[in-house]
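For reference, the structure is listed below as structure tokens.
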Amino acid sequence: MKAYVIEQAGGPEMLQLRDIASPEPTANEVQIRVRAFGLNRAEASLRAGKMGPITAPRVPGIEAVGEVVLDPAGIFRTGQRVATAMGGMQFGRHGSYAEQVTVLRDNVIALDDIPLSWEELAALPESYLTVWGALDKTLAIEPGQTLLVRGATASLGLAAVAYAKARGLKVIATTRSEQNTARLREVGADEVIVDTGEIAAAARQRKPAGVDVALEVVGASTLRDTIQALKPFGAVSVVGLLGGPPVLSQFHLMQDLPDAKQLSFFQSGLLGTPALPLANAPLRWIAEQVAAGRIPSLRSRTFDFDDVRHAHSLMESDRALGKLVVRL
């Protein structure tokens, strides 16, 4: 099969298209013909060497949609439309930048009879499953609450805005550019704050008692300020690292985490593990909502398989304003 392989760290030019063997599935795995996959910052970080040295050829990619080639256990049938995300892809096994991918069965979700194109389906798995894990499992969101999404123009932030709105929450979204306001409102934001580096005061102008919950997509560089926007007993979950390394220097528990506010970090590596099984994940419901027009599409652009390098360059430019997808 053809697959993109990273043999040394560097820029998009390090993505080399090679012919490699397709791993045969073991008893707890499923082999999938990849029809499309979404792009994620984790893949750019791997390629750039930010996730450790490249000591052996690596196939990047942490999500895909496609058709089942083989399931030795017979749980998924050949030709069945499915989605997959994480489960060690690109880290402990080959990733999804390939014509086929072999993944853990626990990380496969059936998407039969969803009237969406492969490109639209590919925009869903990683972003929405991560948002589900952070908002539902970590923050335990409820309809009627107010959610602050810090860094909402990232694909993960846009998914959070759209999902929370569909779940009945009021959403306050932040962006560094006034030009992105219309896009955020289109996706579902009730209020938009232009982020100058400090947004807590502006958030409290809109919600004087403080927001109920917050999703931090930027990361450590803005976390202290995001916490100040929370109400007492409010909670924030960090899901992104757009602002730099995940390090908080001189974090003061009483000053930086006051009023019984709660702080957590959600990693999508939990998806499909015993701690976070995907049996009840709402991905199929989300796909149905997108197909019905009740959740807006987050796909901003689709690339051909031979144009992955260009797609990586656009992803790193921060100009995508949505999910970038590659169609095979």
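The values are calculated or read from the model by the stated rules, or taken from the named source; none is laboratory data. Computed from a prediction, not measured in an experiment: that's the story for all the values here. As a convention, Cβ positions derive from the backbone with ideal geometry for all residues, glycine included, and neighbour counts pool all protein chains shown.
State whether the residues of segment 62-79 include one that is of a type in the set (S, T, N, Q), assigned by TED's automatic domain parsing to the domain that holds residue 9 and either out of contact with any strand residue (DSSP E or B) (no Cβ under 9 Å at 6 or more places or on another chain) or touching a residue at least 40 places away in the same chain (Cβ under 8 Å) (or both).
For segment 62-79, residues of a type in the set (S, T, N, Q), assigned by TED's automatic domain parsing to the domain that holds residue 9 and either out of contact with any strand residue (DSSP E or B) (no Cβ under 9 Å at 6 or more places or on another chain) or touching a residue at least 40 places away in the same chain (Cβ under 8 Å) (or both): absent.
Looking only at segment 101-124, count how many residues are more than 13 Å from residue 269 (Cα to Cα) and either buried (at least 24 other Cβ atoms within 10 Å of the Cβ) or aliphatic (A, V, I, L, M) (or both).
12
For every residue, the table says whether it meets (1) within 16 Å of residue 135 (Cβ to Cβ); (2) touching a Phe, Trp or Tyr at 6+ places or on another chain (Cβ under 8 Å).
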| residue | (1), (2) |
| --- | --- |
| 253 | no, no |
| 258 | no, no |
| 262 | yes, yes |
| 265 | yes, no |
| 268 | yes, no |
| 274 | no, no |
| 284 | no, no |
| 287 | no, no |
| 292 | no, no |
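Just the residues that are part of a helix (DSSP H, G or I) and buried (at least 20 other Cβ atoms within 10 Å of the Cβ), please, taken from segment 201-224.
Residues satisfying the conditions are 203, 222, 223.
Just give me the residues in segment 82-117 being of a type outside the set (A, V, I, L, M) and in a strand (DSSP E or B), in sequence order.
84, 93, 100, 102
Out of curiosity, is residue 73 modelled with pLDDT of 95 or more and closer than 15 Å to residue 110 by Cβ?
Yes, satisfied.
Please determine whether any residue of segment 307-326 is in the same structural domain as residue 205 (by TED's automatic domain parsing), loosely packed, with under 15 Cβ neighbours inside 10 Å and of a type outside the set (Asp, Glu).
Scanning segment 307-326 turns up no residue that is in the same structural domain as residue 205 (by TED's automatic domain parsing), loosely packed, with under 15 Cβ neighbours inside 10 Å and of a type outside the set (Asp, Glu).
Among (1) buried (at least 20 other Cβ atoms within 10 Å of the Cβ); (2) more than 25 Å from residue 194 (Cα to Cα), where does residue 249 come up short?
Residue 249 satisfies all of (1) buried (at least 20 other Cβ atoms within 10 Å of the Cβ); (2) more than 25 Å from residue 194 (Cα to Cα) except (1).
Residues to consider are 36, 42; find the one that is among the aliphatic types (A, V, I, L, M), under 19 Å from the mean Cα position of the chain (by Cα), in a strand (DSSP E or B) and surrounded by 20 or more Cβ atoms within 10 Å (Cβ to Cβ).
Step by step, each of 36, 42 is checked, and only 36 is among the aliphatic types (A, V, I, L, M), under 19 Å from the mean Cα position of the chain (by Cα), in a strand (DSSP E or B) and surrounded by 20 or more Cβ atoms within 10 Å (Cβ to Cβ).
Looking at 90, 16 in this structure, which one is under 30 Å from residue 240 (Cα atoms) and either among the hydrophobic types (A, V, I, L, M, F, W, C) or touching a residue at least 40 places away in the same chain (Cβ under 8 Å) (or both)?
Among 90, 16, only 90 is under 30 Å from residue 240 (Cα atoms) and either among the hydrophobic types (A, V, I, L, M, F, W, C) or touching a residue at least 40 places away in the same chain (Cβ under 8 Å) (or both).
I'd like to verify a number: residues in segment 172-200 that are without any contact (Cβ under 8 Å) to a residue 12 or more places away in the chain, within 16 Å of residue 147 (Cα to Cα) and of a type in the set (A, V, I, L, M, F, W, C), how many?
Matching residues across segment 172-200 total 0.
Go through segment 266-319 and count every residue that is without any contact (Cβ under 8 Å) to a residue 12 or more places away in the chain, farther than 30 Å from residue 16 by Cα and in a loop (DSSP other than H, G, I, E, B).
Qualifying residue count, segment 266-319: 5.
Search segment 129-166 for residues being in contact with a helix residue (DSSP H, G or I) (Cβ under 8 Å, 6 or more places away or on another chain) and charged (D, E, K, R), and hand back the single one that is surrounded by the fewest Cβ atoms within 10 Å (Cβ to Cβ).
165
With 68, 131 as the choices, which residue is modelled with pLDDT of 95 or more and assigned to a strand (DSSP E or B)?
68
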